[in-house]
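Read the structure below first, then the notes.
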Amino acid sequence: MNRYCLAFACALTLLLLAPAYAGTALPLEKAFLGLPWGTDIREHDGFKFLHGKEGLRFYAKPGVVRMANGIRVEQVIYGTYNYNFFSAFLVLDTPESFAELRNYMESRYGFPKTSFQARNQMTTHRWRYRQIKMKLKSTEDGRQMKLAFYFTPISRQVNEVFVERQQKGARWFPIEKDKKPEALPLLQF
C-alpha cells in the first residue's frame, strides 16, 4: 500500500509542478522571449503582419510591452523567412535605454566589435553568442536605436539567397574572355 501512495504522491507532485516549469524561459540560444527560433510563426497567436517581400515577413504583437533588463521596450518586431522565426528587433526610444542596454550587453557578452558607417551616421556594436548574432545600432542624432537578434542558421540562408539574387542582376568587370574592350567597364546591370 505504501508503494502505491508514494507513486501517487510523486505523480501528483509532477502534475502540480508541470505548469510552473512550462512558463520557464528558454535560454537565448533556443528562443527569444519564449518564441523558439525557427518555429513557424503561423502556429502562434497574437502576431500581426506588418510587411514583407520575397519570403521575408515581419510581425509585431500589438499591445504587448516587454521589459529588457528592466528597460521598457514598446515595440518588438519579429522577422521570419518562409514563416520561420529568425530575427527580433527591439526598438528603443531613449538614449538612456540604449546606454543601459549597451552596458548590460557588455557585462553579459563582453566588449563588442564596433563599427561606424559615415554614409548613414550609424554606429553598430556586434556580439555573438553560440548561434545568435546581436547588433545594437544607433544613429548619431539618436533618432534610430535598436537591438537586433539573429538566429544564424536561418539568417545565413537569407543572406545567401539575397546575395545570389544580387549577383544575377549585376556583373563585376563584364569583359568577355579573349576580347579587348574599348573602355574598362566596372559595373554592368
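Which condition number does Gln157 fail, the rest of (1) modelled with pLDDT of 90 or more; (2) open to solvent by 60 Å² or more (accessible area, probe 1.4 Å) being met?
Going through the list (1) modelled with pLDDT of 90 or more; (2) open to solvent by 60 Å² or more (accessible area, probe 1.4 Å), Gln157 breaks only (1).
Name the one entry in Ser155, Ser107, Ser97, Ser115 that is polar (S, T, N, Q) and outside any helix (DSSP H, G or I).
Ser115
Against the conditions (1) at pLDDT below 95; (2) of a type outside the set (Phe, Trp, Tyr); (3) surrounded by 13 or more Cβ atoms within 10 Å (Cβ to Cβ), where does Arg108 fall short? Just the number, please.
(3)
So for region 91-110 (the condition being without any contact (Cβ under 8 Å) to a residue 24 or more places away in the chain and in contact with a helix residue (DSSP H, G or I) (Cβ under 8 Å, 6 or more places away or on another chain)), does at least one residue qualify?
no
Conditions (1) surrounded by fewer than 17 Cβ atoms within 10 Å (Cβ to Cβ); (2) closer than 30 Å to Tyr104 by Cβ; (3) modelled with pLDDT of 75 or more; (4) aliphatic (A, V, I, L, M), marked per residue:
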| position | (1), (2), (3), (4) |
| --- | --- |
| Gly23 | yes, yes, no, no |
| Asp40 | yes, no, yes, no |
| Glu43 | yes, no, yes, no |
| Leu56 | yes, yes, yes, yes |
| Arg66 | yes, yes, yes, no |
| Asn69 | yes, yes, no, no |
| Phe89 | no, yes, yes, no |
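The values are calculated or read from the model by the stated rules, or taken from the named source; none is laboratory data. Keep in mind that this is a model prediction, so the values were computed, not measured. Backbone-built Cβ (ideal geometry, glycine too); neighbour counts: all protein chains shown. Side chains included, ligands, DNA and RNA excluded: accessible areas come from the protein's heavy atoms. Shrake-Rupley method; radii C 1.70, N 1.55, O 1.52, S 1.80 Å.
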